[in-house]
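The values are calculated or read from the model by the stated rules, or taken from the named source; none is laboratory data. Nothing here was measured: the structure is a model prediction, and the numbers come from that model. Glycine gets a Cβ as well: all are built from the backbone with ideal geometry, and neighbour counts include every protein chain shown. Calculation scope for accessible area: heavy atoms of the full protein, side chains included, ligands and nucleic acids excluded. Shrake-Rupley method; radii C 1.70, N 1.55, O 1.52, S 1.80 Å.
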Amino acid sequence: QVQLVESGGGLVQTGASLRLSCTASGRTFGISTGAWFRQAPGKDREFVAGITWNGDTTYYLDSVKARFTISRENAKNTMYLQMNNLQPEDTALYYCAAVKSWGLISTAPGQYDYWGQGTQVTVSY
């Protein structure tokens, strides 16, 4: 009943910026915590950033917290990930995720009910 669609990925050089967007459609009533994950080939899915329903609390992977900013605009059913000073190690398929009713920020993929299809971010040297 809820679909998430990411956009904004691309191929960039080290130091560049990208803004990822995630828009929810369908029966979005009750969606609360949102998060971004990433997954590189051969590696586990990794938590990147999370945000509560009203945006008052955020949490980041240590390696990105000085460079990335998660935000949301509930009136548009959209969540964002602003990524600055991108590094090659940021290369991955980035997914947005959401909890359907209520939830605190979790770093565990299994705690999320909805997932987007992913958008590729590739950072060259």
Q. How large, in percent, is the carbon and sulfur part of the accessible surface of the chain at a probe radius of 1.4 Å?
A. 49
**Q.** Solvent-accessible surface ranking, highest first, for Asp113, Asp90 at 1.4 angstrom
**A.** Asp113, Asp90
Q: May I ask you to give the solvent-accessible area per residue for the chain, in square angstrom, as obtained with a 1.4 angstrom probe?
A: 53
Q | Under 18 Å from Lys65, Cα to Cα: aspartates and glutamates that are on another chain or at least 8 residues apart | A | Glu46, Asp56, Glu89, Asp90
(Q) Pairs of alpha-carbon atoms within less than 8 angstrom and 6+ residues apart define the contacts here; what relative contact order does the chain have, in percent? (A) 37
(Q) Once you place label points 7 Å from the Cα toward the Cβ at Gln3 and Asp113, how far apart are they in nm? (A) 1.9
Q) Between Gln39 and Ala75, what is the FRET efficiency for a Förster distance of 25 Å, r being their Cβ-Cβ separation, to the nearest 0.05? A) 0.25
Q) In Å, what is the Rg of the alpha-carbon atoms in the chain, and how long is Dmax? A) 13.5, 42
